[in-house]
1. Is it the case that some residue within region 13-20 is surrounded by fewer than 19 Cβ atoms within 10 Å (Cβ to Cβ), out of contact with any strand residue (DSSP E or B) (no Cβ under 7 Å at 6 or more places or on another chain) and not hydroxyl-bearing (Ser, Thr, Tyr)?
2. Can you tell me which residues in region 120-132 are free of Cβ contacts under 8 Å to residues at least 60 places away in the same chain and more than 20 Å from residue 80 (Cα to Cα)?
3. Go through region 115-125 and report how many residues are farther than 12 Å from residue 3 by Cα and in contact with a Leu (Cβ under 9 Å, 6 or more places away or on another chain).
4. Among the residues of region 44-85, count how many are of a type in the set (D, E, K, R) and under 23 Å from residue 103 (Cα atoms).
5. Looking for something among the β-branched types (Val, Ile, Thr) and in contact (Cβ under 8 Å) with a residue 60 or more places away in the chain - is there at least one such residue anywhere in region 39-62?
6. Suppose we keep only residues that are touching a Ser or Thr at 6+ places or on another chain (Cβ under 8 Å) and in a loop (DSSP other than H, G, I, E, B) within region 54-71. Which one would you say is nearest to residue 22 (Cα to Cα)?
7. Being surrounded by 15 or more Cβ atoms within 10 Å (Cβ to Cβ), touching a Leu at 6+ places or on another chain (Cβ under 6 Å) and either touching a residue at least 12 places away in the same chain (Cβ under 8 Å) or among the aliphatic types (A, V, I, L, M) (or both) is true for just one of 76, 107. Which residue is that?
8. Which residues, counting only those in region 112-135, are in a helix (DSSP H, G or I), in contact with a strand residue (DSSP E or B) (Cβ under 8 Å, 6 or more places away or on another chain) and open to solvent by 30 Å² or more (accessible area, probe 1.4 Å)?
Amino acid sequence: MENPTNEEIKILLHESKRIAVVGLSDNPDRTSYMVSEAMQKAGYDIIPVNPTADTILGVKAVASLKDVEGEIDIVNVFRRSEFLPEVAKETIEVGAKSFWAQLGLENQEAYDMLQEKGVQTVMNRCIKVEHAKWK
């Protein structure tokens with residue numbers, strides 16, 4: 001697996017507006033909540049993808065990526081590595097521009113699937129940390 005270059009990540013973050021967050025928790029103490037809240041405050045449109053939540057960060061949650069209306073610039077994933085192929089498949093199906101697996105998450109099968117379809121893929125990096133580098 002090879003992540004995009006720092007310059008490519010910088011461009012991705014500057015050009016992106018909508019982030020669908022798979023596994024976004026409604027618990028403010030969870031990392032997914034804190035990272036997504038920071039990205040929302042930085043001006044990104046956050047779409048919570050969580051089938052068990054109603055509203056997160058003031059936004060109505062959807063059950064799956066297929067329920068997101070409009071384009072998705074980044075699918076940001078906070079689910080365990082073994083679930084990444086399933087999320088990658090859905091990312092491809094909805095035509096999202098990029099796939100971002102958070103720090104500590106990577107899966108070769110998901111990576112290969114995404115690369116085959118030309119989806120820009122970042123794994124094992126924190127989107128909040130990367131954004132802070134390139135503001």
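1. The answer is yes; a qualifying residue exists.
2. Kept after step one, since they are free of Cβ contacts under 8 Å to residues at least 60 places away in the same chain, are these residues of region 120-132: 129, 132.
132, the sole residue that qualifies.
3. The total comes to 0.
4. 5
5. Step one: of region 39-62, the residues among the β-branched types (Val, Ile, Thr) are 46-47, 49, 52, 55-56, 59, 62.
Remaining after also requiring in contact (Cβ under 8 Å) with a residue 60 or more places away in the chain: none.
Taking every residue of region 39-62 in turn, none turns out to be among the β-branched types (Val, Ile, Thr) and in contact (Cβ under 8 Å) with a residue 60 or more places away in the chain.
6. The selected residue is 61.
7. From the options 76, 107, the qualifying one is 107.
8. Passing the criteria: only 115.
The values are calculated or read from the model by the stated rules, or taken from the named source; none is laboratory data. All figures in this text were calculated on a predicted structure; none of them were measured in a lab. Every residue, glycine among them, receives a Cβ derived from its backbone with ideal geometry; neighbour counts consider all protein chains shown. Quick note on the areas: whole protein, heavy atoms, side chains included, nothing else; ligands and nucleic acids left out. Shrake-Rupley method; radii C 1.70, N 1.55, O 1.52, S 1.80 Å.
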